[in-house]
Amino acid sequence: MSYAVKEMFLTLQGEGVNAGRRAVFVRFAGCNLWSGREADRATAVCRFCDTDFVGTDGAGGGRFADAQALADAALEHWGASEADRFVVLTGGEPMLQVDDALVDALHARGFAVAMESNGTIPAHPRLDWVCISPKAGSEVVQRSGDELKLVWPQPGSDVAAMEDWDFAHFLIQPLDSAAAEANRDAAIALVLDRPKWRLSLQAHKLLGLR
Ligand code: SF4
């Protein structure tokens, strides 16, 4: 099968438990919770998206004919270093496209494969790191993994119920919006109130990274 990728680039992971780690980001085109068009935002399930995932026209993006071509491109972005190869599959919603062939092709090139998903589609079983970021109003079916990363505040999110889900790390990340300061204060207040959660900041934005 072919894969539609908005962009691909080498950077440092900015968020979550792996923050600061060198990584190739593969941003898949398309999401099942918003079309990506501003005209549809008000009626979308997910309305606070800060990511352009429409089309395949970003730097390093394109339509890759098969898993081998996509994995080769990821390796090219990584460069010569053979140590600790790390790729982050994100979107959009990556689980609309991630499949056996792609996970196997990335593993064959020595990558540890991480994925960041909204959790409405079961995660591929052979991923090395599963990060789920639930969106209020959607049905999260993937309730286990490595990190649960909840953007905050999100009216309608049942934080207490999520604490029973099977994740190694529970992260609260302030919503990046016009009310950023209030959102940060709300996230800090939640962590002070519920010690299961830890604060995650978007370090790549603070550092001017992609
Ligand atoms: S689920 Fe993620 S990619 Fe999809 S619209 Fe929401 S924030 Fe954007």
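Quick note: the coordinates plus some simple rules give every number you see, no bench work behind them. A quick note: this is a predicted structure, and the numbers were derived from the prediction, not measured. Positions of Cβ are generated from backbone atoms using ideal geometry, with glycine treated the same way; all protein chains shown enter the neighbour counts.
When you count the other C-beta atoms within 10 angstrom of each residue and take the mean per peptide, 52-61, 82-91, 200-209, 25-34 line up highest first as 25-34, 82-91, 52-61, 200-209.
Diffusion of region 97-210 by Stokes-Einstein, at 25 °C in a medium of 0.890 mPa s and with Rh set to the Kirkwood radius over alpha-carbon pairs, works out to 160 µm²/s. As I understand it, the value is the acute angle between the Cα axis of helix 67-78 and the longest principal axis of the Cα atoms of the chain; what does it come to in degrees, rounded to 10? With both axes taken from Cα atoms, the answer is about 80 degrees. For Gly62, the shell of other residues with beta-carbons less than 10 Å away shows a net charge of 0, using +1 for Lys and Arg and -1 for Asp and Glu. Near Lys205: Cβ cut-off under 10 Å, other residues only, Lys/Arg at +1 and Asp/Glu at -1. The net charge is -2.
For region 1-147, list log₁₀ I(q)/I(0) at each q in 0.19, 0.20 Å⁻¹, using the Debye formula over Cα point scatterers of equal strength and ignoring solvent, two decimals each. The Debye formula, applied to the Cα set alone, gives -1.18, -1.30. What is the helix-to-structure angle for 180-193, meaning the angle in degrees between its Cα long axis and the longest Cα principal axis of the chain, kept from 0 to 90 and rounded to the nearest 10? Here the helix axis deviates by roughly 70 degrees.
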